[in-house]
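Everything below concerns the one structure shown next.
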Amino acid sequence: MAFQKTKKFYQQLKATHNNHQTISIWWCPAFVLLWIVVFLVVLFTHNILPTPFLEEEASLLPHSFNGERASKDNFELTNIGPRVVGSENNEVKAIDFFQRKLQAIIDEKNAVHEIEVDVQIGSGSFHLEGMTSVYRNIQNVIVKLSPGNATTTSSLLLNTHYDSVPISPGAGDASTMVATMLEVLRVMSKYPDPFQHSVVFLFNGAEENGLQGSHLFITQHKWAKDVQAYFNFDSAGSGGKEVMFQSKGIPWMMNLYNNLAPHPLSTTFAEEVFENKVIPSDSDYRIFRDFGKLPGMDFAFYQNGYVYHTQNDVADIIPLGTYQNTGDNMLALTMAAANSPHLPGTSSLPSEPAVFFDIFGLFVITYSNTVGIIVNVVVGVTSLVVVLFSILRIRIYLDLDFKTIVWEFTLVLVMQFLALCLAIGTVLLLAVIYDAASRSMSWFSNQWLIIGLYYFPLFFALGIVPASYLSIRNRNSIKLSYYVQMFLHAQCVWYTIAILVLTGMGFRSSFFLLISLLFYTLTTSINLISGLMSKDGIWILIHSIGQIFPFGFFAYNALLFITILIPVQGRGGPATNPELIIGVLVIATGILLGSLIVPILCIFRRPVIIVCGFLVVFVVFLILMATPIGFPYRYHSSPQRFWIYHTERNFYGYDKTLRKADAGFFMLPMDRHSNEYISDSVPQIDAQLSLSDSCESEIFCGSPLYTTRQMKQSVNSNWIRSGNPIFPIRTTLQLVDERILENSVKRLTFNVTGPPHRILYIYPLDDNQMINWNLSEEVPKVTAKFNQRHVYFVFTSHGKVNEPLEFFVDIQKTTDTINLASIEIAVVGHYNHNHVQTDEFAEFLSTFPEWSHVTPWVCSYDSFIY
């Protein structure tokens, strides 16, 4: 009997082998077309913007946000020009702009509202990431919208900034947000009913100076104490949609956003990327969170990050739909929060962060981190159970013994793991090869090149292992259809392990794996319970339908982060290989996109040939990369950045003699190809010197740095000798007093004069320690490091009034060293507005190619030993 049963089974198996490929290869194009169509639909939703309301419709829709009216405000503000702290544009003309606009709003407001305007001028200091920020006489424009005759003491804060970096008109960063906030104020002021709580609109005038304006408000303004929560609006691009990328998860605020934002776009992954400094930026959200201890949300534009902090950030390129998208969201959230019973008494940070993400801009899903941990574990364990039952069902269908099915599935698990390793290794290897061959950033201007250069090789790696394995084992006792199911089950197992590990490590972004596991477990359960898993064509159909949403969701998020991260590589510095950063993104998104779809290709005839189709496309894209299409930069749209300071340097010894002096063009490297492509256009590049030779003897290699973010780049910076620059005023550091205090403490008092932006490097020599100063409330514990010693990096700025800065430092010494050198101080003067270019500097700048963007200004660097 047993013999007859075995003979019958092998007869059936032989018949199966005669038709081993269960689906014709001609169905493969239809299968591939399905995912192309899904991707194109997602691409459309990613870029679509709402239809803007025009100014002529304002009378018909008085309580709706008007995109065209906001656009006109942006044009008017940016027409002033770059608004650098300390410049007339920022301290006089911008203030005049606000006073005119606000007075017009006050004149037209409904009598049920009260509007107060205050121009705050103040000074202060704080510590941030190894830098001490000192500001004097900076300005904020603050508006308070309150219910008339109200006694409320609770306020909602809306914040953005109107200052800009040198050269840039700052239309996207952040005049678009300024114009949007003005329009929201205008609409709310005409609303027929008063709001329950006050709304404070903060237009801060010194965000680009290291978040100084927001610090001035939250620590010193009379209205700050009543603020219970905040919405911060900023930009890392120009146009498109704004993403809500930071929020610690206040439930009532998340509910407002989830339920009322007409065009939501948010993801926890963005918050984790930002917190881990993958994006070299910061926002005022941090100040309100850390110094105000307030809950809030952070919103920013991210599209077209190429123009961020460049002269190309103009109002002309921002579509009206951008204003409407942001304005609709901002107005709905602000009005709801201003009437929320939850606002009073909630001015504290949550005990745990939240998980949040939107679904194609339609709605937002959010839950606490604790709930996320529970859900991840439950779904992970459930998926394993479903996979186990499915494997057991395959065993029953084929009448295999337990040992055989365990062995077969173990082999498949190993093969799928090898496929994942091959996919990861392939992408990383390509990233290294592209960079070594001087072809990195070929996707910088044409982002679609990433598809062929990275995603298709990854999909090939995911498919070639199972395709080859199944071709070799075509005489096994398990038919092809079940093998393919086991490969999918194996991927589910690896996903489960990954989600449990990532959850245990505290990554809230593991919700991506949750999405994949949820839908795979659902479709597998349907096929298992219904018995469809044994019907070759139908189970594939059920599985494919179940993968449409996850594929679309992962494509939607991949587009979001490709759009964010690619322009960032143009200002990431030369030390990091940008191909690796993009490669890691491709690995994460590509595995999610393809690992539960690519194995299905093995069900078609000639699967190895089909999978090799990915390689054919890859080769085509390699050829494109070698053509002008692969050249990274384009005029205006995606230029190569250079920061160049025409600098005069003077180095003085302890005896006050000048030990070294020179002048030159300091070139700060901004990306991987800092000087590689401009050598033919800029002949002086051949004469450049590396400042790395000065790193042993000079603080930060003698580099005239502007922020602490530039410290890592100082080692790779370059110097081209030139004549001396022209200074409208000199930067000076004078020792005005020197005295010995108790316990061998030497107090040195200095006076600094110069342009509105001055940097101090204070470097205690040998075993000397700085124990006190008056630049801030206390000497910072976290400092910059240089040559294994602490360097106090002090950024000082002056707004409406430029005054001398007087400060003292107390140095702990011993009786033996009391008369020896104590500290080295370098003072760097940055003349980043209204500076005069010499003919030599202007001629040098004119040699740069049209596809480059140069941010130039004049600097002085003077180093002293005391």
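The values are calculated or read from the model by the stated rules, or taken from the named source; none is laboratory data. These numbers come from a predicted model, not from an experiment. Note that we place each Cβ from the backbone using ideal geometry, even for glycine, and neighbour counts take in every protein chain shown.
Using the structure shown, decide if Phe519 is free of Cβ contacts under 8 Å to residues at least 40 places away in the same chain, touching a Gly at 6+ places or on another chain (Cβ under 7 Å) and not charged (D, E, K, R). Answer is yes for this residue. Which one of Ser692, Ser681 is assigned to a loop (DSSP other than H, G, I, E, B), within 33 Å of the chain's Cα centre (by Cα) and not charged (D, E, K, R)? Selected residue: Ser681, the only one of Ser692, Ser681 that is assigned to a loop (DSSP other than H, G, I, E, B), within 33 Å of the chain's Cα centre (by Cα) and not charged (D, E, K, R).
Would you say Ser283 is buried (at least 24 other Cβ atoms within 10 Å of the Cβ), assigned by TED's automatic domain parsing to the domain that holds Leu157 and out of contact with any helix residue (DSSP H, G or I) (no Cβ under 6 Å at 6 or more places or on another chain)? So Ser283 passes the test.
Scanning the range 721-757 for residues that are over 21 Å from Ile811 (Cα atoms), surrounded by fewer than 19 Cβ atoms within 10 Å (Cβ to Cβ) and not hydroxyl-bearing (Ser, Thr, Tyr) yields Arg721, Gly723, Asn724, Ile726, Phe727, Pro728, Ile729, Arg730. For the range 56-65, the criterion of being touching a strand residue (DSSP E or B) at 6+ places or on another chain (Cβ under 6 Å), surrounded by fewer than 16 Cβ atoms within 10 Å (Cβ to Cβ) and either not in a loop (DSSP other than H, G, I, E, B) or not assigned by TED's automatic domain parsing to the domain that holds Trp539 (or both) is met by none of the residues.
Leu733 meets each of the listed conditions (1) over 28 Å from Asn834 (Cα atoms); (2) touching a residue at least 24 places away in the same chain (Cβ under 8 Å); (3) of a type outside the set (Asp, Glu); (4) assigned to a strand (DSSP E or B) apart from (1).
For Thr382, state whether it is part of a helix (DSSP H, G or I) and modelled with pLDDT under 95. Answer is no for this residue. Among the candidates Phe786, Phe793, the residue that is surrounded by 19 or more Cβ atoms within 10 Å (Cβ to Cβ) and among the aromatic types (Phe, Trp, Tyr) is uniquely Phe793.
Going through the range 391-410 one residue at a time, which ones are in a helix (DSSP H, G or I) and more than 15 Å from Leu488 (Cβ to Cβ)? Within the range 391-410, Leu392, Arg395, Ile396, Tyr397, Leu398, Phe402, Lys403, Thr404, Ile405, Val406, Trp407, Thr410 meet the criteria. Evaluating Phe807 against the criteria (1) surrounded by 18 or more Cβ atoms within 10 Å (Cβ to Cβ); (2) modelled with pLDDT under 95 leaves one unmet condition, (2).
A single entry from Arg730, Arg709, Arg634, Arg649 fulfils the requirement of being over 27 Å from Leu805 (Cα atoms) and not β-branched (Val, Ile, Thr): Arg634. Go through (1) of a type in the set (Ser, Thr, Tyr); (2) closer than 12 Å to Ile478 by Cα; (3) surrounded by 15 or more Cβ atoms within 10 Å (Cβ to Cβ) one by one and return the number of the condition Ser383 breaks. Here Ser383 meets the rest and fails (2). Of all residues in the range 666-713, those that are touching a residue at least 24 places away in the same chain (Cβ under 8 Å) and either assigned by TED's automatic domain parsing to the domain that holds Ser440 or among the charged types (D, E, K, R) (or both) total 7. Can you confirm whether Ile317 is surrounded by 14 or more Cβ atoms within 10 Å (Cβ to Cβ), among the β-branched types (Val, Ile, Thr) and more than 22 Å from Glu242 (Cβ to Cβ)? Spelling it out, it is not the case that Ile317 is surrounded by 14 or more Cβ atoms within 10 Å (Cβ to Cβ), among the β-branched types (Val, Ile, Thr) and more than 22 Å from Glu242 (Cβ to Cβ).
Residues in the range 33-55 that are farther than 28 Å from Gln324 by Cβ and surrounded by 14 or more Cβ atoms within 10 Å (Cβ to Cβ): Leu34, Trp35. Only one of the listed residues (Glu275, Glu271) is among the charged types (D, E, K, R), buried (at least 22 other Cβ atoms within 10 Å of the Cβ) and out of contact with any helix residue (DSSP H, G or I) (no Cβ under 6 Å at 6 or more places or on another chain). That residue is Glu271. Restricting attention to the range 705-724, the residues being farther than 18 Å from Gly829 by Cα and among the aliphatic types (A, V, I, L, M) number 2. The set of residues in the range 55-86 being within 28 Å of His161 (Cβ to Cβ) and more than 32 Å from the chain's Cα centre (by Cα) consists of Glu55, Ala58, His63. For the structure I just gave you, tell me whether Gln710 is out of contact with any Gly (no Cβ under 8 Å at 6 or more places or on another chain), part of a helix (DSSP H, G or I) and not aromatic (Phe, Trp, Tyr). For Gln710, the condition - out of contact with any Gly (no Cβ under 8 Å at 6 or more places or on another chain), part of a helix (DSSP H, G or I) and not aromatic (Phe, Trp, Tyr) - is met. The numbered conditions (1) in contact with a strand residue (DSSP E or B) (Cβ under 7 Å, 6 or more places away or on another chain); (2) in a loop (DSSP other than H, G, I, E, B); (3) within 25 Å of Ala423 (Cα to Cα) are all true for Ile610 except (2). Would you say Leu343 is aliphatic (A, V, I, L, M), crowded, with 20+ Cβ neighbours inside 10 Å and assigned to a helix (DSSP H, G or I)? Against the criterion (aliphatic (A, V, I, L, M), crowded, with 20+ Cβ neighbours inside 10 Å and assigned to a helix (DSSP H, G or I)), Leu343 does not qualify. The residues listed here are Leu760, Leu765, Leu741; of these, the one that is at pLDDT 95 or above, aliphatic (A, V, I, L, M) and touching a strand residue (DSSP E or B) at 6+ places or on another chain (Cβ under 9 Å) is Leu760.
Yes/no per residue for (1) within 30 Å of Val828 (Cα to Cα); (2) out of contact with any Leu (no Cβ under 7 Å at 6 or more places or on another chain); (3) not assigned by TED's automatic domain parsing to the domain that holds Ala467:
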site	(1), (2), (3)
Gly583	no, no, no
Ile597	no, yes, no
Leu601	no, yes, no
Gly613	no, yes, no
Val619	no, yes, no
Tyr635	no, yes, yes
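This table checks each residue for (1) free of Cβ contacts under 8 Å to residues at least 40 places away in the same chain; (2) more than 30 Å from Tyr482 (Cα to Cα); (3) surrounded by 20 or more Cβ atoms within 10 Å (Cβ to Cβ).
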residue: Arg605; (1), (2), (3): no, no, no
residue: Val620; (1), (2), (3): no, yes, no
residue: Leu624; (1), (2), (3): no, yes, no
residue: Thr627; (1), (2), (3): yes, yes, no
residue: Gly630; (1), (2), (3): no, yes, yes
residue: Tyr635; (1), (2), (3): no, yes, no
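Restricted to the range 554-606, and to residues there that are among the hydroxyl-bearing types (Ser, Thr, Tyr) and assigned to a loop (DSSP other than H, G, I, E, B), the residue that is modelled with the lowest pLDDT is Thr576.
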